[in-house]
């Protein structure tokens, strides 16, 4: 009897060891389109936390164009990875990414930006975690309306800078959501000025906003919306260069990035009023967790998971970080 118990214990120990080895053998890639951006660095940070909790290896890859994306997928396969999460630099790469992943027998899911097929429609068969971009934009628009009303601004005296970047559907949906709410609240359409950015960063926004401001120098109050924090902060810098301060500007970004913290920690308020704080933890930790369980436990993730946001201002940013 004692011998049988010892054998059973040995079997259990060996089984536990093999499970542990299996967990450590799991390797997951996390590809992002702009590795220098704070949002993606946060996603990586939280994905690493999941890797530590579940004892798998995370491979972080900056894939800024289609060639780098496809090369990275091949590289992951050669390293023995079983799956990857990706925020693609171009949603139209979806079919190529799917084909490359399937060829290499890798599980995959998208995060932030959803794949678009050759027919121009969303690839609903691809597992995805994203933000309801249009609803996030509506929250920006709602907050802009509230703040204009709180300041008793006459909408007819206000210019609306929409920092657009139509190359990315997610960004377009965000700015469209904000614009639709303003129009629903009787904001004059003639006062809406689309400002197309060549690059989705502070410099691109600064240049686009300066061009619009030069054309509309008669306006003395401004509201600003864009697809992320950088696109609004660049416009705020351009407005400051034209002499507009916090009393004459309401800018609302999206992401709740470190750029925003820097704005809020300045001694004097700027025209950057708020940001919609998104959950990088969900997009980093939970996607990595879902992928691990899909690989290790054959537990398929939900086809689509939508996350939301919270308005973050100088008054509450410390609580939300």
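Conditions (1) surrounded by fewer than 21 Cβ atoms within 10 Å (Cβ to Cβ); (2) under 25 Å from residue 283 (Cβ atoms); (3) out of contact with any helix residue (DSSP H, G or I) (no Cβ under 8 Å at 6 or more places or on another chain), marked per residue:
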| residue | (1), (2), (3) |
| --- | --- |
| 122 | yes, yes, yes |
| 128 | no, yes, yes |
| 131 | no, yes, no |
| 135 | yes, yes, no |
| 147 | yes, no, yes |
| 151 | yes, no, yes |
| 155 | yes, no, no |
| 161 | no, no, no |
| 165 | no, yes, no |
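Screening residue 172 with (1) in the same structural domain as residue 92 (by the TED database); (2) farther than 30 Å from residue 299 by Cβ gives one miss only, at (1). Of all residues in the range 254-281, those that are assigned to a helix (DSSP H, G or I) and out of contact with any helix residue (DSSP H, G or I) (no Cβ under 8 Å at 6 or more places or on another chain) total 3.
Could you check how many residues of the range 139-157 are in a helix (DSSP H, G or I) and in contact (Cβ under 8 Å) with a residue 40 or more places away in the chain? So that I can check it myself, show each step before the final result.
Initial filter on the range 139-157 (in a helix (DSSP H, G or I)): 139-150, 155-157.
Those left that are additionally in contact (Cβ under 8 Å) with a residue 40 or more places away in the chain: 139-141, 143-145, 147-148, 157.
Looking only at that region, the number is 9.
Residue-level analysis places residue 170 outside the set of residues that are under 18 Å from the mean Cα position of the chain (by Cα) and in a loop (DSSP other than H, G, I, E, B). A single member of 219, 192 is over 27 Å from the mean Cα position of the chain (by Cα), modelled with pLDDT of 95 or more and either outside the structural domain of residue 38 (by the TED database) or surrounded by 19 or more Cβ atoms within 10 Å (Cβ to Cβ) (or both), and it is 219.
Just need a number here: residues in the range 239-253 that are over 21 Å from residue 146 (Cβ atoms) and within 24 Å of the chain's Cα centre (by Cα).
Here is the first cut: in the range 239-253, the ones over 21 Å from residue 146 (Cβ atoms) are 240-243.
Those still in the list that are within 24 Å of the chain's Cα centre (by Cα) too: none.
Qualifying residue count for the region: 0.
Just a yes or no: is a residue in the range 205-216 in contact (Cβ under 8 Å) with a residue 24 or more places away in the chain, under 12 Å from residue 250 (Cα atoms) and surrounded by 15 or more Cβ atoms within 10 Å (Cβ to Cβ)? Checking the range 205-216: not a single residue is in contact (Cβ under 8 Å) with a residue 24 or more places away in the chain, under 12 Å from residue 250 (Cα atoms) and surrounded by 15 or more Cβ atoms within 10 Å (Cβ to Cβ). Test residue 247 against the criterion of being modelled with pLDDT under 95, assigned by the TED database to the domain that holds residue 175 and either crowded, with 18+ Cβ neighbours inside 10 Å or outside any strand (DSSP E or B) (or both), and give yes or no. For residue 247, the condition - modelled with pLDDT under 95, assigned by the TED database to the domain that holds residue 175 and either crowded, with 18+ Cβ neighbours inside 10 Å or outside any strand (DSSP E or B) (or both) - is not met. When residues in the range 48-92 are screened for being part of a helix (DSSP H, G or I), touching a strand residue (DSSP E or B) at 6+ places or on another chain (Cβ under 9 Å) and within 23 Å of residue 125 (Cα to Cα), 6 of them pass. For the range 26-43, name all the residues that are surrounded by fewer than 19 Cβ atoms within 10 Å (Cβ to Cβ) and over 19 Å from residue 202 (Cβ atoms). Passing the criteria: only 27.
The values are calculated or read from the model by the stated rules, or taken from the named source; none is laboratory data. Computed from a prediction, not measured in an experiment: that's the story for all the values here. Quick reminder, even Gly has a Cβ in these numbers, built from the backbone with ideal geometry, and neighbours come from all protein chains shown.
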